[in-house]
Amino acid sequence: MANELVLNGAAAHRAGGGWRALLRDPWVVLLLALVALGVAWALTDSAPAAVRHLWHWSPALLRGLGMNVQISVLAMALGTAAGLVVGALSLSPSALLRRLTRIYVLAFRNAPILVLVYFTTYVFPFELNLGGWNLPFPDWIKVVIGLGLPASANVAEIFRGAIQSIPEAQWEAAQSLAFRRAQIFRMIVLPQCVRRMLPSWMNLYASITMSTSLASLVGVHDLVDTATVASNTVARSDFTILVYFTLLALFFAYCYPIARWTRHLERRYAHH
């Protein structure tokens, strides 16, 4: 019991250390300092017009970023659920199922994401007729599906690779202890798979998040679309440069901690 408490405490310390290291990262410190200085400057009378316009549009830009985050989270949730099923089927004893899952993975891993986003946007109807009720099918949900398809193919490969990386001796040892196959998978294989999958899964999530910028091309009011509307409304070249620089900074502020945490997990599980 004491050993278990020590191990749990060490794991918690390592997890906390990852976040403390992130807060000490020079890029994060620089970004926070720039945000603080920018806000303080925007509230003064001496601030340039472009900075004052940016402060005025900042709530709309943050709402746009919220739409990007919402799309990325739902796309990864959909992709993870579908990918786990496809990944499990790719290890099926049935040659037909293995072939079909392989075709699925190859098709959606190698298809351009922009093509998939356009495909789901224009193939699915604008309304769904369910029992006489016309329900709207908004474009952002179609983008979720369009991004969820390549995510599912990548998750399937990550899951398949994680399962195959488990030494065969562990299966044999568990079978010798009278564990059923379902118990071996649930109690021994799956916990190890989660640890091995997590860094790659987080990397994939960061990639999907950056791909949500394509949503503006099909009429979704996300961060990029909001920045474009702001630029066209203010119609100042200095503001246009500033607003798109802010757009890059917002995506960086969201994705960079994910990348740092991913590297932390990779180092943590490197010898497991």
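The values are calculated or read from the model by the stated rules, or taken from the named source; none is laboratory data. All of these numbers come straight from a predicted model, not from anything done at the bench. Cβ: placed from backbone, ideal geometry, glycine included. Neighbour counts: every protein chain shown. The protein model used for the area step is the full one, side chains on, heavy atoms only, and it has no ligands, DNA or RNA in it. Shrake-Rupley method; radii C 1.70, N 1.55, O 1.52, S 1.80 Å.
In debye, nearest 20, what is the charge dipole magnitude of the chain about its Cα centre with +1 on Lys and Arg Cβ and -1 on Asp and Glu Cβ, if you could check?
With only Lys, Arg, Asp and Glu charged at Cβ, the dipole is about 820 debye.
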Worksheet item: Which loop-located trypsin sites (Lys or Arg not before Pro) does region 102-192 contain, where loop means any DSSP state but H, G, I, E or B and the Cβ has at most 16 other Cβ atoms within 10 Å?
Response: Arg180
Item to complete: Return the single residue from Leu130, Leu62, Leu100 with maximal mean-square fluctuation; model: Gaussian network over the chain, springs between Cα atoms under 10 Å.
Response: Leu130
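Only helices at least 27 Å long along their own axis, judged from Cα atoms, and with Kyte-Doolittle mean hydropathy of -0.5 or greater: name those in the chain from DSSP H.
2-23, 49-89, 139-164, 190-211, 237-268
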Worksheet entry | Value of relative contact order over the chain, rounded to a whole percent, pairs C-alpha under 8 Å and six or more apart | 26
Worksheet item: Which one of Ala107, Met210, Leu74 has its Cα pushed farthest toward the positive end of the charge dipole of the chain, where Lys and Arg give +1 and Asp and Glu give -1 at the Cβ?
Response: Ala107
Discussion item. Given points 7 Å out from each Cα along the Cα-Cβ axis, report the Ala95 to Arg181 separation in nanometres with one decimal.
Written reply: 1.9
Worksheet item: In the neighborhood of Asp222, defined by Cβ-to-Cβ distances under 14 Å, what is the net charge if each Lys or Arg adds +1 and each Asp or Glu adds -1?
Response: 0
Worksheet, complete the sentence: Other residues with Cβ under 13 Å from the Cβ of Ser152 give, with Lys and Arg +1 and Asp and Glu -1, a net charge of +1
Response to the item:
For the chain, the charge dipole (Cβ of Lys, Arg +1; Cβ of Asp, Glu -1; about the Cα centre) points to a positive end, and the Cα of Gln175, Leu62, Thr240 closest to that extreme belongs to Gln175
Item to complete: Taking only Cα atoms and a 10 Å spring cutoff, compute GNM fluctuations for the chain and point out the largest among Gly146, Gly79, Gly219.
Response: Gly219
Fill in: Accessible area in the full protein assembly, largest first, 1.4 Å probe, for Leu61, Leu250
Leu250, Leu61
Worksheet item: What do you get for Rg/Rh over region 71-270 if you use C-alpha atoms and the Kirkwood form of Rh?
Response: 1.08
Worksheet, complete the sentence: The local net charge around Phe179, scoring Lys/Arg +1 and Asp/Glu -1 for residues other than Phe179 whose Cβ lies under 15 Å from its Cβ, equals +1
Worksheet item: For the chain, with the dipole built from +1 on Lys and Arg beta-carbon atoms and -1 on Asp and Glu ones, taken about the Cα centre, which of Pro48, His221, Val144 lies farthest toward the positive end?
Response: Val144
